[in-house]
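Report on the structure given below.
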Amino acid sequence: MGFMDSIKGLVGKGQELAAEHSDKVQGAIDKAASLADEKTGGKYSDKIDKAADAARKVVPPKE
């Protein structure tokens, strides 16, 4: 098994775990965005919101 195969396997496992716990991941994204917005004094709110939205799309919510 090559290095890239190992990486692909780890990424696959990560995606599976994220899907199983998407509600917790979504909550963590929200908390991280809120904390970043607070620490920057709202100066980068639009950029933080865009980054959080992009992160949410990677791990869709449970159905």
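The values are calculated or read from the model by the stated rules, or taken from the named source; none is laboratory data. Please read these numbers as outputs of a predicted model, since none were measured by experiment. Ideal geometry is used to build each Cβ from the backbone, glycine not excepted, and the neighbour counts take in all protein chains shown.
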- Task: Take the residues in segment 1-18 that are without any contact (Cβ under 8 Å) to a residue 40 or more places away in the chain and among the small types (Gly, Ala, Ser), then tell me which one is surrounded by the fewest Cβ atoms within 10 Å (Cβ to Cβ).
- Result: Gly2
- Note on the structure: Note on segment 50-63: residues loosely packed, with under 13 Cβ neighbours inside 10 Å and either β-branched (Val, Ile, Thr) or assigned to a helix (DSSP H, G or I) (or both) are Lys50, Asp53, Ala54, Lys57, Val58
- Quickly run through segment 20-63 and pick out the residues that are at pLDDT 90 or above and hydroxyl-bearing (Ser, Thr, Tyr). Ser34, Thr40, Tyr44, Ser45
- Message: I'd like to check something: does segment 11-19 contain any residue that is at pLDDT 80 or above, within 12 Å of the chain's Cα centre (by Cα), of a type in the set (A, V, I, L, M) and assigned to a helix (DSSP H, G or I)?
- Response: no
- Any residue at all in segment 21-38 that is of a type outside the set (Val, Ile, Thr), surrounded by 10 or more Cβ atoms within 10 Å (Cβ to Cβ) and not in a helix (DSSP H, G or I)? yes
- Query: So which pairs qualify, if the first residue must be in segment 25-43 and over 20 Å from Val58 (Cα atoms), the second must be of a type outside the set (Ser, Thr, Tyr) and outside any helix (DSSP H, G or I), the Cβ gap must be under 9 Å, and the two must be at least 6 apart or on different chains?
  - Reply: Asp37/Lys43
